[in-house]
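Structure first, commentary second.
The values are calculated or read from the model by the stated rules, or taken from the named source; none is laboratory data. If you're wondering where the values come from, they're calculated on a predicted model, not measured in any experiment. As a convention, Cβ positions derive from the backbone with ideal geometry for all residues, glycine included, and neighbour counts pool all protein chains shown.
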Amino acid sequence: MSSLSIAEIVGKLKSAKTKTERIEILKQNDCAALRGIIRMNFDESLVLALPNGRPPFKQATVPDGFGKTTLKASAKGWYIFIESLSPNLKQSKRESIFIQLLESLDKSESEILVQAKDRKLDLGLTKKAIIEVFPGLIKSEGSKDGSKKESTKGVTGTSTTSTTKGAS
């Protein structure tokens, strides 16, 4: 497991010059939080129950790497941002928890989380390249019978999928 923060990994990805370098960076720094950020960003079947856009939160003023928590430390709890995995959680509570998380991260990591949530995080790689590096991580393909599979897999963990006819 990598000792780099998610912000440092994303920084290395952005500064890498080739696809090969970026793929190697992903492989060398593979961890649950990195996979979670990638899933949030690329997997359309992962439906987050959070509004689009930047939520109103007080940005931490600590130096990078000195937030109260990190994306790596908080990744196991991200399932609550998926409505199908926490259906009894009130929307206002879900959004409040998300804002608290953002406020506890340093500036770089909170920006990465907001961008990934809105599927706007540029890692310098296409979805196809991500699928090559992490086969099975992204589940966004429809089935042959016209049904659409909705992932109920947690952001970073594994679970099951449910199928809905005619949903699009």
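So if I check each of ALA75, ALA33, ALA60, which one is within 24 Å of GLY11 (Cβ to Cβ) and out of contact with any Gly (no Cβ under 7 Å at 6 or more places or on another chain)?
ALA33
Of all residues in the range 73-100, those that are under 14 Å from LYS117 (Cβ atoms) have Cβ atoms under 7 Å from Cβ atoms of residues that are modelled with pLDDT of 95 or more and charged (D, E, K, R), 6 or more apart or on another chain, in ILE80/ARG94; PHE81/ARG94. All conditions in (1) hydroxyl-bearing (Ser, Thr, Tyr); (2) in contact with a strand residue (DSSP E or B) (Cβ under 8 Å, 6 or more places away or on another chain); (3) assigned to a loop (DSSP other than H, G, I, E, B) hold for THR61, with the sole exception of (2).
Scanning the range 106-118 turns up no residue that is within 16 Å of the chain's Cα centre (by Cα), part of a loop (DSSP other than H, G, I, E, B) and closer than 18 Å to SER3 by Cα. Condition test on ALA7, is it of a type outside the set (S, T, N, Q), out of contact with any Asp or Glu (no Cβ under 7 Å at 6 or more places or on another chain), within 22 Å of VAL133 (Cβ to Cβ) and in contact (Cβ under 8 Å) with a residue 40 or more places away in the chain? In short, no.
May I ask you to list the residues in the range 98-113 that are among the aliphatic types (A, V, I, L, M) and either closer than 16 Å to VAL62 by Cβ or crowded, with 18+ Cβ neighbours inside 10 Å (or both)? First the steps, then the outcome.
Looking only at the range 98-113, we keep the residues that are among the aliphatic types (A, V, I, L, M), and these are 99, 101-102, 105, 112-113.
Answer for the range 98-113, where residues must be among the aliphatic types (A, V, I, L, M) and either closer than 16 Å to VAL62 by Cβ or crowded, with 18+ Cβ neighbours inside 10 Å (or both): LEU101, LEU102, LEU105, ILE112, LEU113.
Residues in the range 66-94 that are under 19 Å from the mean Cα position of the chain (by Cα) and not in a helix (DSSP H, G or I) were compared, and the one that is surrounded by the most Cβ atoms within 10 Å (Cβ to Cβ) is GLY67.
Checked against the criterion of being among the small types (Gly, Ala, Ser) and touching a Leu at 6+ places or on another chain (Cβ under 6 Å), the candidates ALA49, ALA73, ALA60, ALA33 yield just one match: ALA33. Among all residues of the range 19-33, there is none that is surrounded by 20 or more Cβ atoms within 10 Å (Cβ to Cβ), of a type in the set (D, E, K, R), at pLDDT 95 or above and more than 20 Å from ILE138 (Cβ to Cβ). Return yes when LEU101 is at pLDDT below 95 and either under 18 Å from LEU46 (Cβ atoms) or out of contact with any Ser or Thr (no Cβ under 9 Å at 6 or more places or on another chain) (or both) and no when it is not. No.
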